[in-house]
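Here is the structure we will look at.
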Amino acid sequence: GGRNRHVYYHCSRQVDYYCTQPYLREQDLVNQVLNIINNLKYEDLKIGSKLKYKMHEYDLMTKEHGSRVRTNEELFYAYSDYLMRLGDNKEKAEFLTALDLPLVLHDRKIHYSPEEYKQAEPTVVEQ
């Protein structure tokens, strides 16, 4: 049989040594982040030149001969999905840092902004 890969994230306890936040499966984390990204308005995002270049590389790599040209918006969402599901941890971290989203993790749920869940303290996660 094949191998199953299970990765869990948890609080690093850098802020609060006695933090009781539960572990979070990587797949759940990825799905929640993608859900947030997919609900963002593309025109409101500040996409830097490095991210634009990475999206262009992805477009060249995945473009099918004779297919229509994808809009920047379509390309962004396709690249986001590809990267968050198949990219390595460094690429994912760089991508999320470039988007500069105010994400807060609390009780296995990612909140889009600190205002959405005011009691939640930002939690540093480790693998």
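The values are calculated or read from the model by the stated rules, or taken from the named source; none is laboratory data. Here the structure is a predicted model, which is why all the values come from computation and not from measurement. Note that each Cβ is placed from the backbone with ideal geometry, even for glycine, and that neighbours are counted across all protein chains shown. Accessible surface is based on the protein model in full, side chains and every heavy atom, while ligands, DNA and RNA are left aside. Shrake-Rupley method; radii C 1.70, N 1.55, O 1.52, S 1.80 Å.
What to note about this one:
- Residues of the stretch 87-116 that turn out to be under 20 Å from residue 20 (Cβ atoms) and touching a Lys or Arg at 6+ places or on another chain (Cβ under 9 Å), as a count: 1
- The residue that is modelled with the lowest pLDDT, counting only those in the stretch 81-127 that are of a type outside the set (D, E, K, R) and in a strand (DSSP E or B), is 125.
- Taking the stretch 58-73 as the range and being assigned to a helix (DSSP H, G or I) and open to solvent by less than 70 Å² (accessible area, probe 1.4 Å) as the test, the residues that pass are 58, 59, 62.
- Residues being charged (D, E, K, R) and open to solvent by 70 Å² or more (accessible area, probe 1.4 Å) - total across the stretch 75-93: 4
- Checking each residue in the stretch 1-57 for being of a type outside the set (Ser, Thr, Tyr), open to solvent by 100 Å² or more (accessible area, probe 1.4 Å), more than 17 Å from residue 96 (Cβ to Cβ) and part of a loop (DSSP other than H, G, I, E, B) picks out 1, 3, 4, 5, 6, 13, 14, 15, 41.
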